[in-house]
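We did not get these values from a lab; they are worked out from the coordinates using the rules stated. Values in this document were obtained by computation on a predicted structure and should not be read as measured data. Every residue, glycine among them, receives a Cβ derived from its backbone with ideal geometry; neighbour counts consider all protein chains shown.
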Amino acid sequence: MQSSKAGYIFHIKDDYFKIAQDDKLMRNYEGGALRPTYYCVKDDKLELLWMIPMSRKTEKYKAIAEKDIARYGKCSKIYFAKVAGKEAVFLIQDAFPAIEKHISHAHIIRSNPVFLEPRIQANIKSMFNEARNMYERGIKVIFPDIIRLEKLMLEELQSQTKKQQ
């Protein structure tokens, strides 16, 4: 596993969605474009990569975040930041685990892979860890079935490791 994947923005292969079979996952390659893009967080405990969709539809998600803030005092599932000089939103609510073989390629802007500044990375990772802990306590702030997907990815990783031996 290359930890060099963490901190970058990627595209996911269609094969992942065929394997995962979770209708709560965002659809890949919407409208024929390479969308959505995903920010990669390396799991501290397991050899998994957590993919967090990134969107430029900030107005749509600001309304959702404002509702959560009004109701709960904060929003634990959506994070806003500037990426490559433009506003973006990270949809922690749509996070899912993957393994390296499911990553298609890095998202490129002006011939460079998009890497998030450390402060933004830390904020997203902190929010993701909080949302994941809430999910494990039965508070479904993350929409996909991440427990099932995590088991599926760990099985796939184990199978891949056995083939390499």
Once semi-axes √(5λ) of the Cα gyration tensor in Å is worked out from the coordinates, which option in (1) 21, 18, 17; (2) 24, 20, 15; (3) 52, 17, 16 does it equal?
-> (2)
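In terms of the Cα gyration tensor, with a ≥ b ≥ c the square roots of its eigenvalues, is segment 88-165 rounded because a/c is under 1.5, prolate because a/b exceeds b/c, or oblate? Show your work: numbers first, answer last.
Values: a/c = 2.32, a/b = 1.05, b/c = 2.20.
Oblate is the answer for segment 88-165, as a/c is 1.5 or above yet b/c matches or exceeds a/b.
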Separation of the Ile147 and Ile64 label points, Cα + 7 Å toward Cβ, nm | 2.3 nm
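Distance cut-off 32 Å, Cα to Cα: go down the list Lys45/Lys140; Lys86/Lys163; Lys45/Lys162; Lys24/Lys101 and report the pairs above it. Present the calculation step by step, with values, prior to reporting the outcome.
Working: Lys45/Lys140 21 Å; Lys86/Lys163 43 Å; Lys45/Lys162 20 Å; Lys24/Lys101 21 Å.
Over 32 Å Cα-Cα: Lys86/Lys163.
Determine, from the Cβ-Cβ distance of Arg27 and Thr161 and an R0 of 25 Å, the FRET efficiency 1/(1 + (r/R0)^6), rounded to the nearest 0.05.
0.25
Relative contact order of the chain: what whole-number percent is it, with Cα pairs under 8 angstrom and at least 6 residues apart? Each step should come with its number before you reach the end.
Values: 259 pairs, mean separation 44.2, N = 165.
Relative contact order, the chain: 27 percent.
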Ranking of Tyr135, Tyr79 by count of other Cβ atoms within 10 Å, fewest first | Tyr135, Tyr79
